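Right, one structure below, let's go through it.
Where a number appears in this text, it was derived from the coordinates with a stated rule and is not lab data. Quick caveat: nothing in here was measured; it's all calculated off a predicted structure. Neighbour counts are summed over all protein chains in view; Cβ atoms, including those assigned to glycine, are modelled from backbone coordinates with ideal geometry.
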Amino acid sequence: MGDEIRITTLKPSHASLGLIFNYLSKRKPFADHTAGSLAAAIRVQLETQNHLFALKGDVIVGYAGWMDVTKENADGWLKGESQLVQVASGKTEVAALTIFVADLKEVTPLLIRGARDLNPNIKVVFRRGYEQTGKTAKKQSVGNVVSSSMR
């Protein structure tokens, strides 16, 4: 049972914020972010429930967080021309994956599948960075279809 990977969300709280902040602040590129900007992003993701948390036993092994944005905003962000602006619930056109860390390769598809399940019929966009490998960053989007496995 201790080797099973669990994917879940966390309730918004100071403890949840601290737990995620501590985890991310030890990993590139988030270790290089200012504390205020990283904490603000996590806080919004907790409040909007736009995140997933991966645990293997009692050990954190992954985190994914996203923002609800408009298509126009996402397009500008992917081109490096604008910052993301959170839209109100129900106004989401695109989910922009802004934070993603997976310590184990088997965590990646679980977090991605979970995020897609929580955002049916919403296009998901992300900028893939390779800070630890030196590869050039990529900009991508993924279409999404209705799924009922998590809702």
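Check whether at least one residue in the stretch 101-118 is among the β-branched types (Val, Ile, Thr) and within 18 Å of Ala41 (Cβ to Cβ), and report yes or no.
Looking only at the stretch 101-118, we keep the residues that are among the β-branched types (Val, Ile, Thr), and these are 101, 107-108, 112.
Within this subset, residues satisfying the condition of being within 18 Å of Ala41 (Cβ to Cβ) are 101.
So far as the stretch 101-118 goes, yes, one or more of its residues are among the β-branched types (Val, Ile, Thr) and within 18 Å of Ala41 (Cβ to Cβ).
Quick one: is Leu84 aliphatic (A, V, I, L, M) and not in a strand (DSSP E or B)?
Against the criterion (aliphatic (A, V, I, L, M) and not in a strand (DSSP E or B)), Leu84 qualifies.
Do we find a residue being aliphatic (A, V, I, L, M) and part of a strand (DSSP E or B) anywhere in the stretch 117-125?
Among the residues of the stretch 117-125, at least one is aliphatic (A, V, I, L, M) and part of a strand (DSSP E or B), which makes the answer yes.
Go through the stretch 13-56 residue by residue and tally those that are touching a residue at least 60 places away in the same chain (Cβ under 8 Å), over 21 Å from Arg116 (Cβ atoms) and either surrounded by fewer than 17 Cβ atoms within 10 Å (Cβ to Cβ) or under 13 Å from the mean Cα position of the chain (by Cα) (or both).
5
Of (1) within 21 Å of Val124 (Cβ to Cβ); (2) touching a residue at least 40 places away in the same chain (Cβ under 8 Å); (3) of a type in the set (A, V, I, L, M), Val87 satisfies all except one. Which?
So Val87 meets the others, but not (2).
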